[in-house]
1. From the list ARG475, ARG422, pick out the single residue that is buried (at least 17 other Cβ atoms within 10 Å of the Cβ) and either part of a loop (DSSP other than H, G, I, E, B) or of a type in the set (Lys, Arg) (or both).
2. Quick one: which strands (runs of 3 or more DSSP E) sit completely within the range 265-381 and have at least 2 residues that are among the acidic types (Asp, Glu) and surrounded by fewer than 20 Cβ atoms within 10 Å (Cβ to Cβ)?
3. Just one of the numbered conditions (1) buried (at least 22 other Cβ atoms within 10 Å of the Cβ); (2) over 32 Å from the mean Cα position of the chain (by Cα); (3) of a type outside the set (Gly, Ala, Ser) is not true of TYR218; which one?
4. In the range 518-556, which residues are among the polar types (S, T, N, Q) and farther than 14 Å from PRO299 by Cβ?
5. Please go through the range 436-452 and give me each residue that is in contact (Cβ under 8 Å) with a residue 12 or more places away in the chain and either loosely packed, with under 14 Cβ neighbours inside 10 Å or in a strand (DSSP E or B) (or both), ordered by number.
6. Which one of MET165, MET188 is hydrophobic (A, V, I, L, M, F, W, C), in contact (Cβ under 8 Å) with a residue 40 or more places away in the chain and more than 13 Å from ALA115 (Cβ to Cβ)?
7. Considering each residue of the range 498-542, count those that are at positive phi and surrounded by fewer than 12 Cβ atoms within 10 Å (Cβ to Cβ), and give that number.
8. Can you tell me how many residues in the range 22-58 are farther than 21 Å from SER223 by Cα and surrounded by fewer than 17 Cβ atoms within 10 Å (Cβ to Cβ)?
Amino acid sequence: MTTPSPAPANLPVNFIRHIVEADLANGRTKHLVTRFPPEPNGYLHFGHAKSICLNFGLARDYEGRCHLRLDDTNPAKEEQEFADAIEAAVRWLGFDWAKHLYFASDYFEQLYDFAQALIESGDAYVDSQSADQMRSNRGTLTSPGQDSVYRKRSIAENLQLFRDMRAGKYPDGAHVLRAKIDMRSPNMNLRDPVLYRIRHAEHHRTGNAWCIYPLYDYAHPLSDAIEGITHSICTLEFEDHRPLYDWLLNKVAACGKLDAAALPHQIEFARLNLTYVVLSKRKLVELIDSGVVNGWDDPRMPTLIAARRRGYTPEGFRRFAEIIGVSKSDGWIDYSVLEDCMRDHLNETSHRKIAVLDPVKLVLENVAEDHREECHAPNHPQQPELGKRPVPFSRELWIEREDFQETPVKGFFRLSPGQQVRLRYAYVIECTGVKKGSSGEIVEVTAKIFPDSKSGTPGADQYKVKGNIHWVCAREAYTAEVRLYDRLFSHATPGARREGDAPDLSRQFLDDLNPNSLSVIRAALEPSLKNAKPEERFQFERHGYFVADHVDFLPGAPVFNRTVTLKDSWK
């Protein structure tokens, strides 16, 4: 027996890795094979990102492989659009399944053959009760279920009925195939679970070739076994399903259809619970259908397609997955942890740019009207090797409205009448006046420059000022739409009861929407941003990280989405 290669040093430590390493060491597992098995009935969300990083990361770290398998067993809810989006999302996160892309529908014939074997061994039967009868006879958590009157059908009758089901001789709901386990089991999942149901619906891959479809609890373990999965890693809600997972594998193996010495085993871990978001697919659909958001890729949605549009990075998600780790117990992760991971990566990789989000005009009275010169700003202050870029400077500039106060409060060191500040990368100026509109709003600030104070020139250091403000040349500024995104919900646990709620209050998650989750503004940007490419990310100095929207992109006229602020300033 060959000894498996040791795992690389400095790997994260968690209970799943301990299991994998033990299985490799004792020979139970020769070659690690994991899988990521989403249903193609929607777009992947942040919780899926955790599972993707876990499954593909384990395969990478232990020189195994990870399969991408789409569990397409419910044709009524699945679409090719979702299948394509799932593949794109996994690739975007930085993972590759090589040739190991599979679909549960690839195994429909095999799964059907397994079902016939279970009937022949007396471990499955066709039930003709109505859905209401089955529900009534299933029992409760405190009372046992009752055997179906059809449970004693002969093997021959069950086989013929099942074959007639496949042949399309019965309407939806007329019959189901059930496992014959124990209607009195304390585990509800073992009370003769349904394995197949009739569904006359066109499948996005197999068309109308089938009118019976396996349920997830049946298709999942058997698909794992067909593919040679060694470790089937699921979230904790499937812990009670594990006895059924093992029962099906062992029964089909006993029929001679699977290798009993090479069956996969299921391991459960805690799903991602993230504050300020909802990850239920039903609730995500409700957000879309109610018009709260503009589709699956709305940057406020916790889907990977939306995160990409917002400017989140694959590296940030992978860093997040590593930081939060894997555990066996449920817990909550604050959304700020994810934001910090994004900031960390964006800070390393984003070129700096200047943007004035709430412009007010600054006129430099002692600068000629036709004057133009170039100042130079670093592309990244921590990476001098990236060089500097020219920024045009002229008589009229845009500055942030909040950087001027006519009557400054204590501790305000930016621009006010008689106050000196430095225009970042340019000159020291002194405010000389202000002009107001008919309603009293400030429409223009005037100032004078000190010509010998330009940054980087000899003698400029003689000017000692406390304030430093950014600016954009008014004549050459790129005026663009900028979308300021914030958290979609104003409470950490949307829809949950909170202290002070009335006893009879049934709070809905939509009651906790943040009314300020999106603001659309017109901003003055440094002119180079006009040439930004789709999905190009920048740090707008003082404002945070922004990305050129790739959906609404027009060459020479990009719009920008705020990815995250420079620090956790959300309230």
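The values are calculated or read from the model by the stated rules, or taken from the named source; none is laboratory data. Predicted model, so just to flag it, every value in this text is computed and none were measured. Using ideal geometry, Cβ is built from the backbone for each residue, glycine included, and neighbour counts are taken over all protein chains shown. Accessible surface is based on the protein model in full, side chains and every heavy atom, while ligands, DNA and RNA are left aside. Shrake-Rupley method; radii C 1.70, N 1.55, O 1.52, S 1.80 Å.
1. Numbers: ARG475 fails: buried (at least 17 other Cβ atoms within 10 Å of the Cβ).
Checking each option against the conditions leaves just ARG422.
2. On the way: elements: 265-269, 351-353, 359-364, 372-378.
Ranges flagged: 372-378.
3. Of (1) buried (at least 22 other Cβ atoms within 10 Å of the Cβ); (2) over 32 Å from the mean Cα position of the chain (by Cα); (3) of a type outside the set (Gly, Ala, Ser), only one is false for TYR218: (2).
4. Hits for the range 518-556 are SER528, ASN531, GLN539.
5. Keep residues of the range 436-452 that are in contact (Cβ under 8 Å) with a residue 12 or more places away in the chain, which gives 442-451.
Of everything in the range 436-452, those that are in contact (Cβ under 8 Å) with a residue 12 or more places away in the chain and either loosely packed, with under 14 Cβ neighbours inside 10 Å or in a strand (DSSP E or B) (or both) turn out to be ILE442, VAL443, GLU444, VAL445, THR446, ALA447, LYS448, ILE449, PRO451.
6. MET188
7. 1
8. Of the residues in the range 22-58, 4 are farther than 21 Å from SER223 by Cα and surrounded by fewer than 17 Cβ atoms within 10 Å (Cβ to Cβ).
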